[in-house]
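The values are calculated or read from the model by the stated rules, or taken from the named source; none is laboratory data. In this text the structure is predicted, and so the values were computed from the model without any measurement. Here the Cβ positions follow ideal geometry from the backbone for every residue, glycine too, while neighbour counts run over all protein chains shown. In case anyone asks, the SASA skips ligands and DNA or RNA and just uses the protein heavy atoms, side chains included. Shrake-Rupley method; radii C 1.70, N 1.55, O 1.52, S 1.80 Å.
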Amino acid sequence: MISQAQQHTISIEAQDRPATVERLLRVIRHRGYRLCRMAVESSQEDERIALSVTVASDKPVVLLQNQLSKLVDVSSVEITSAETNPLRISA
Amino acid sequence: MTGADLVVQTLANLGVKTIFGYPGGAIMPVYDAIHRGDVDHILCRNEQGAALAAVGFARACNDVGVCLATSGPGATNLITGLADAMLDSVPVVAITGQVASPLIGTDAFQEVDVLGLSLSVTKHSFLVEDASELQATLEEAFVLAKSGRPGPVLVDIPKDIQVASLLGGPASAEAEPAELIEEVALEQAVELIRNATQPILYVGGGVGMAGPAAVAELRNFADQAGIPSIVTLKGIGTLEDSRDLHLGMVGMHGTKAANLMVQESDLLIVAGARFDDRVTGKLDTFAPNASVVHFDIDHCEIGKLRHAHVGLLGDLTDGLKRLGEKLAEQSGADLTAWQQRAVTEKTNHQWRYDKPGESIYAPKLLKQLSDQLPEDSVVACDVGQHQMWVAQHMSFTQPYNHLSSGGLGTMGFGLPAAIGAQYSRPNACVVNVTGDGSFMMNVQELGTIRRYGLPVKILLLDNERLGMVRQWQQLFFEGRFSETILSDNPEFVTLASAFGIAGRTITRDDEIEQGLSDLVNSTGSYLLHVRIDAEENVWPLVPPGAANQQMMETAE
Ligand SMILES: Cc1ncc(C[n+]2csc(CCOP(=O)(O)OP(=O)(O)O)c2C)c(N)n1
């Protein structure tokens, strides 16, 4: 099956606690999104971490945004860009 | 004081009176502090039992349950209980000991990465890295467990922090108040409700979790709006079965009336429910013509599986009240025909208990038990056919009285959950309804009943089968009964007696009355072992992949 899998880039800001990045990655995988690109920047002084992740899925990205923003350490989740790429998804 | 003393003192300051746990190396300082502290510790006989007791405690009183375990195997044994709390949104705080900070990451004795392990089964989890953060972390764990959509929170405490020398202070952990539902959203909901001619109120476990005031408000709303209602497994007790327009449980083993009517509805007013697959059957055939107005505290649930025309995010009690007030301002569509339909369907599809023969028909026995139990009793069941029969044939007047593992379907839930409930509701009659498979999953908790002399009642429905799996094998696997025959069960009454628990076996219909009376009236714990027909099935059944109106009612 060929479906129009959207790629979305999401900016996430969070408190930098043990397991923060693992939590985010787990939610992305478990909720059905494929990680395409990721950049992480953490600053030691203010214990903040900023991530930019590009994900692909045929599910609406807002569902992922909701799940990520529910995480306790996360302070903001913004969808910064979207592009449509044909992605092969086997059912 | 030590970090361990601070743990116990903080728990006491937060109002915790009872915790469930099991000691071991990496948590020994905390156990030492318990020995001299002000919190009652209940020793369960497996950490899974402790976690599920905390769940039962929490669910029966709608407050936080607490469990405690050591590192490594202690923590891994907790996991099933935390997953249960996660899937049923139960406020639980779990505290685990961890190897000392310098040893973390060295594969030390009984070291498991519990923080990593916790990620998918908790709402949040902490590894305390600095002794100065210990108290604040514990307080935050309680706030998180009970705020918004409740859930389990784990605090992993390395041993060096437990023995560190610390100063404690007064502790507090108030749940964050829910935000109020937006006015515009309520206006939109009112519009849809006024125009609906076949509305259904679809009620889940979230209403009970929002508290007794939300339950009362929902009942007012149902009365005032005259809208026929259905409940999920976890919504049972939120609306009383005695209401004319209440159709009972919806879904895989729901009532015929509920499943037929929901499919025909033109508007679903969803309160604290989440379109679980056990409720909807094949999702895209569920209530196909209905618009959706969805109340929830968790924004992730709105639109997750079914598009909501109006999402009502926030405080349910206040929202229902305001919705009711707005509806009262102007009358809506005439619901008389739809209400009449509800009454007719409910009457036409009442349960029947007139099964011929001498053997014991479990649904009838449960109906009789339900009629005999005092009003504020708690029933904690296990998982399987007996669980569905409890849901179908027993009546509950509060959601806090029916403890059933809904989301995770955890066999072995019932006995420890009943123990937990007996602590949060010490004056209530607490009954564990179990099956011969489930009972053996946490049978060690009979030791907890014996140790504390708890009056927990056990009703064991013995079909010598893993009945629910056997039913599916009969219906969907051409009768290949792979590993579901338990004809080699132990002598259950003898087993109970080894723990000082009285009991008897009944096998015939004419023994039910005396058996139930012995169970309900015993002053201490009691096991009523009931032999039932191995071939009995739970009906109706919405088969996998079918729509809710396509219920099977026999095996033919
Ligand atoms: C921990 C766990 N393992 C397996 C299952 C799958 N399962 C669901 S119901 C069931 C049979 C339960 O048998 P029993 O407790 O005797 O109850 P009955 O269905 O006979 O009433 C099984 C094995 C489960 N729900 N939980």
Exercise. Test B:Asn442 against the stated conditions and say whether it is modelled with pLDDT of 95 or more and either more than 12 Å from the ligand (Cβ to nearest atom) or within 14 Å of chain A (Cβ to nearest Cβ) (or both).
Key: no
Quiz item: Going through the stretch B:190-202 one residue at a time, which ones are farther than 13 Å from B:Ala225 by Cβ and open to solvent by less than 10 Å² (accessible area, probe 1.4 Å)?
Solution: B:Tyr202
Quiz item: Among the residues of the stretch A:25-41, which ones are open to solvent by less than 70 Å² (accessible area, probe 1.4 Å) and either among the charged types (D, E, K, R) or at pLDDT below 95 (or both)?
Solution: A:Arg26
Quiz item: In the stretch B:78-109, which residue that is among the polar types (S, T, N, Q) and in contact with a helix residue (DSSP H, G or I) (Cβ under 9 Å, 6 or more places away or on another chain) is farthest from B:Val207 (Cα to Cα)?
Solution: B:Ser101
Quiz item: Hey, which of the helices (runs of 4 or more DSSP H) in the stretch B:45-163, taking only ones fully inside, have at least 3 residues that are over 30 Å from B:Gly237 (Cα atoms) and either within 14 Å of chain A (Cβ to nearest Cβ) or open to solvent by 10 Å² or more (accessible area, probe 1.4 Å) (or both)?
Solution: B:73-87, B:114-118, B:134-146, B:159-163
Quiz prompt | B:Gly168, sole failed condition from (1) away from chain A (no Cβ under 11 Å); (2) open to solvent by less than 10 Å² (accessible area, probe 1.4 Å); (3) closer than 27 Å to B:Cys61 by Cβ | solution = (2)
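Yes/no matrix, rows are residues, columns are (1) among the hydrophobic types (A, V, I, L, M, F, W, C); (2) in contact with a helix residue (DSSP H, G or I) (Cβ under 9 Å, 6 or more places away or on another chain); (3) under 17 Å from B:Leu245 (Cβ atoms); (4) in contact (Cβ under 8 Å) with a residue 12 or more places away in the chain:
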position	(1), (2), (3), (4)
B:Ala178	yes, yes, no, yes
B:Glu182	no, no, no, yes
B:Arg194	no, yes, no, yes
B:Pro199	no, yes, yes, yes
B:Val203	yes, yes, yes, yes
B:Gly211	no, yes, no, yes
B:Leu218	yes, yes, yes, yes
B:Ile227	yes, yes, yes, yes
Practice problem: Could you list all residues from the stretch B:429-445 that are open to solvent by 10 Å² or more (accessible area, probe 1.4 Å) and more than 17 Å from B:Ala498 (Cα to Cα)? | Solution: B:Cys429, B:Gly437, B:Met441
Quiz item: Can you name the condition, by its number, that B:Arg322 falls short on among (1) within 20 Å of B:Gln224 (Cα to Cα); (2) within 13 Å of the ligand (Cβ to nearest atom)?
Solution: (2)
Quiz item: If you scan the stretch B:397-419, which residues turn out to be within 16 Å of the ligand (Cβ to nearest atom) and among the polar types (S, T, N, Q)?
Solution: B:Ser404, B:Ser405, B:Thr410
Quiz item: How many residues does the stretch B:460-501 contain that are more than 15 Å from the ligand (Cβ to nearest atom) and open to solvent by 50 Å² or more (accessible area, probe 1.4 Å)?
Solution: 8
Exercise. Among the candidates B:Thr70, B:Thr80, single out the residue that is hydroxyl-bearing (Ser, Thr, Tyr) and free of Cβ contacts under 8 Å to residues at least 60 places away in the same chain.
Key: B:Thr70
Self-check item: Qualifying positions in the stretch B:375-396 - among the small types (Gly, Ala, Ser) and more than 7 Å from the ligand (Cβ to nearest atom)
Solution: B:Ser377, B:Ala380, B:Ala391, B:Ser395
Quiz prompt | Which listed residue is free of Cβ contacts under 8 Å to residues at least 40 places away in the same chain, within 14 Å of chain B (Cβ to nearest Cβ) and open to solvent by less than 30 Å² (accessible area, probe 1.4 Å), from A:Ala19, A:Ala14 | solution = A:Ala19
Self-check item: Candidates A:Glu78, A:Glu22, A:Glu13, A:Glu83 - the one that is farther than 24 Å from B:Glu301 by Cα and not hydrophobic (A, V, I, L, M, F, W, C)
Solution: A:Glu83
Quiz item: Of the residues that make up the stretch B:446-459, is at least one closer than 26 Å to B:Leu541 by Cα, open to solvent by less than 10 Å² (accessible area, probe 1.4 Å) and more than 8 Å from the ligand (Cβ to nearest atom)?
Solution: yes
Quiz item: In the stretch B:278-291, is there at least one residue being modelled with pLDDT of 95 or more, within 19 Å of the chain's Cα centre (by Cα) and farther than 12 Å from B:Tyr202 by Cα?
Solution: yes
Exercise. Examine the stretch A:55-62 for a residue that is within 14 Å of chain B (Cβ to nearest Cβ), part of a loop (DSSP other than H, G, I, E, B) and without any contact (Cβ under 8 Å) to a residue 12 or more places away in the chain, and state whether such a residue exists.
Key: yes
Exercise. Consider B:Gln422 carefully, then state whether it is over 15 Å from B:Leu233 (Cβ atoms), more than 15 Å from the ligand (Cβ to nearest atom) and either within 14 Å of chain A (Cβ to nearest Cβ) or open to solvent by 30 Å² or more (accessible area, probe 1.4 Å) (or both).
Key: no
Quiz item: If you check B:Thr70, B:Thr106, B:Thr137, B:Thr122, which single one turns out to be over 24 Å from B:Leu6 (Cα atoms) and not small (Gly, Ala, Ser)?
Solution: B:Thr106
